[in-house]
1. Checking the condition over 30 Å from A:G160 (Cα atoms), without any contact (Cβ under 8 Å) to a residue 12 or more places away in the chain and of a type in the set (D, E), which residue from A:E41, A:E127 passes?
2. The conditions are (1) within 7 Å of chain A (Cβ to nearest Cβ); (2) at negative phi, and B:G56 fails exactly one of them. Which is it?
3. In segment B:47-62, is there at least one residue being within 19 Å of A:Y81 (Cβ to Cβ) and of a type in the set (S, T, Y)?
4. Among the residues of segment B:36-46, count how many are within 10 Å of DNA strand C (Cβ to nearest atom) and either farther than 18 Å from B:M72 by Cβ or assigned by TED's automatic domain parsing to the domain that holds B:T132 (or both).
5. Which residues, counting only those in segment A:187-206, are of a type outside the set (D, E, K, R) and surrounded by fewer than 24 Cβ atoms within 10 Å (Cβ to Cβ)?
6. Name the residue, out of A:A209, A:A219, that is closer than 23 Å to B:G69 by Cα and at pLDDT 90 or above.
7. Hey, does segment B:77-100 have a residue that's touching a residue at least 12 places away in the same chain (Cβ under 8 Å), within 11 Å of DNA strand D (Cβ to nearest atom), over 20 Å from A:L116 (Cβ atoms) and among the small types (G, A, S)?
8. Is it the case that A:Y115 is of a type in the set (F, W, Y) and under 30 Å from A:M215 (Cα atoms)?
Number of protein chains: 2
Amino acid sequence: MERKPAQPVKGLEDGIAVLQQLAVSAGPVSCLELSCELGMEKTRVNRLLKTLSHLGIVYRTSSRRYAPGAGMHVLAAQSLYASGLFRVALPHLEMLESLGHLIALGVLWRDKVCYLLHHAPGTPFAEGIGRTRLYPATRSSLGMILLAQQPEDTVRELYGGRGEMEGFDSVESLLGKLCEVRNCGYACVEAAGTVSVAVKIGEPAYAAAGISGKMGTKAERECVGLLLGTAAKIEEEMVNINKDNKIRRERK
Amino acid sequence: MERKPAQPVKGLEDGIAVLQQLAVSAGPVSCLELSCELGMEKTRVNRLLKTLSHLGIVYRTSSRRYAPGAGMHVLAAQSLYASGLFRVALPHLEMLESLGHLIALGVLWRDKVCYLLHHAPGTPFAEGIGRTRLYPATRSSLGMILLAQQPEDTVRELYGGRGEMEGFDSVESLLGKLCEVRNCGYACVEAAGTVSVAVKIGEPAYAAAGISGKMGTKAERECVGLLLGTAAKIEEEMVNINKDNKIRRERK
DNA sequence: TTTCCATATTGCTAAAATAGCAATATATTT
DNA sequence: AAATATATTGCTATTTTAGCAATATGGAAA
């Protein structure tokens with residue numbers, strides 16, 4: 001998290017807040033609902049929505065509700081493409097399908113994990129994409145491995161106030177667990193007989209990959225090994241993409 | 001495209017322009033480059049970038065360049081999830097894989113098509129996601145079927161000024177072709193021995209699905225039939241999702 | 001179908017935010 | 001290490017915006 005700039009652009013801050021709220025809403029939302037949800041004055045919300053609507057980023061239904069529109073999908077697709085993470089990581093993760101476990105790729109967002117992939121065994125791979133909501137980071141092995149890469153200060157700030165610290169009763173105990181995870185090199189979370197393990201991707205970590213299912217200690221170690229190998233391949237390819245991008249820019 | 005609101009939020013307009021430019025760039029971009037590319041004063045650009053960076057929407061590299069960050073990926077994933085298009089359409093399109101042709105799903109963005117899926121035969125399905133850049137709409141069957149749904153005024157405005165009208169030498173001839181496409185119910189584009197056909201999804205159309213490959217007239221008609229069936233299934237499921245969403249909202 | 005009600009949207013203007021110049025800070029190149 | 005190019009900030013005249021009240025527009029009720 002970068003520090004606050006000298007002169008932040010307020011309209012942009014408020015607009016992104018609106019967009020984020022629309023993105024996590026279950027369907028089109030009205031101006032007034034959004035105003036209440038965000039604690040923002042309704043005229044302000046209307047102004048932001050109308051601006052975003054004019055840009056095509058959100059669309060307005062016939063019943064005056066708003067939801068992400070074509071422009072947002074384009075922005076989504078293009079930014080995922082620009083980062084390269086998706087197109088590099090997915091084929092590698094698809095190779096883990098034969099394990100018969102759940103496979104996941106995610107990024108950390110504040111106190112949540114956002115699963116870019118959440119693929120249940122025995123389903124078409126494509127069904128694992130875009131199927132889950134934000135999930136409390138402390139309940140997820142992906143979240144734990146990513147939180148373990150954050151500075152202690154950041155974690156304190158995140159969970160000292162209003163973060164959803166599920167599964168821990170104090171920041172100190174969370175920090176203790178994160179220290180273990182860091183030393184281990186992977187995170188392991190157990191719930192209802194299901195074991196989930198995850199490793200970080202990148203240095204500094206920009207994502208995490210995980211496997212989840214009913215497994216014993218031996219299978220767990222095996223999965224960790226596979227994940228570490230997969231992460232290394234993804235990282236290598238990401239580095240190559242960034243080199244290609246640099247060359248491509250210099251050619252302009 | 002909604003009309004201009006009474007009081008647009010300028011900071012938000014400019015911020016989205018910056019974000020869009022970052023999304024279509026081949027790798028991290030510097031403040032000055034972005035300023036030139038957008039024709040925007042450099043202090044302004046810096047202010048917008050720093051604001052987006054503070055929000056986690058973009059990240060700043062050690063060499064002071066900017067690219068979409070975790071917050072953008074989260075926004076992307078969440079908005080794709082919120083619209084439901086991805087998770088509904090992908091499994092249906094995956095079923096067309098056995099045809100051995102290229103399969104695509106896309107949305108129209110101004111004078112371009114953005115491919116949400118662009119799956120080449122014989123590759124893992126996941127590789128077709130997040131792999132292409134924006135493409136001139138007039139060169140794409142998906143683009144043509146979606147342009148055909150636009151009001152004539154919109155097309156004139158789009159291509160009368162600065163749209164990339166590849167393959168046509170006048171707006172009139174383009175409009176003539178779009179009229180044909182509309183009457184046909186599908187678009188067909190031929191290039192280098194490869195035939196591409198596409199149908200719209202939704203009413204009004206919010207996306208298009210297409211198949212592309214070397215095929216004769218009979219195979220072409222067959223593909224169109226399959227696409228229309230697939231589109232109908234997607235539409236039906238999208239309607240159900242929107243019903244579910246409405247019920248879910250009313251339960252709050 | 002008409003009327004009523006709740007919400008969306010706009011005009012106006014005092015208040016707040018911002019645009020861009022010049023100064024300062026920070027990478028990169030020589 | 002010095003020079004150069006770019007990034008970033010402080011300041012203030014200028015522009016944009018926040019929110020009240022008026023007007024417009026869907027949806028519900030009669």
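The values are calculated or read from the model by the stated rules, or taken from the named source; none is laboratory data. These figures come from a predicted structure and were not determined experimentally. Neighbour counts run over all protein chains shown; Cβ positions are idealised from the backbone, glycine included.
1. Exactly one of A:E41, A:E127 is over 30 Å from A:G160 (Cα atoms), without any contact (Cβ under 8 Å) to a residue 12 or more places away in the chain and of a type in the set (D, E), namely A:E127.
2. Evaluating B:G56 over (1) within 7 Å of chain A (Cβ to nearest Cβ); (2) at negative phi leaves (2) as the failure.
3. yes
4. 6
5. Residues satisfying the conditions are A:C188, A:V189, A:A191, A:A192, A:G193, A:T194, A:V195, A:G202, A:P204, A:A205, A:Y206.
6. Result: A:A209 is the single residue among A:A209, A:A219 that is closer than 23 Å to B:G69 by Cα and at pLDDT 90 or above.
7. Within segment B:77-100, not a single residue is touching a residue at least 12 places away in the same chain (Cβ under 8 Å), within 11 Å of DNA strand D (Cβ to nearest atom), over 20 Å from A:L116 (Cβ atoms) and among the small types (G, A, S).
8. So A:Y115 passes the test.
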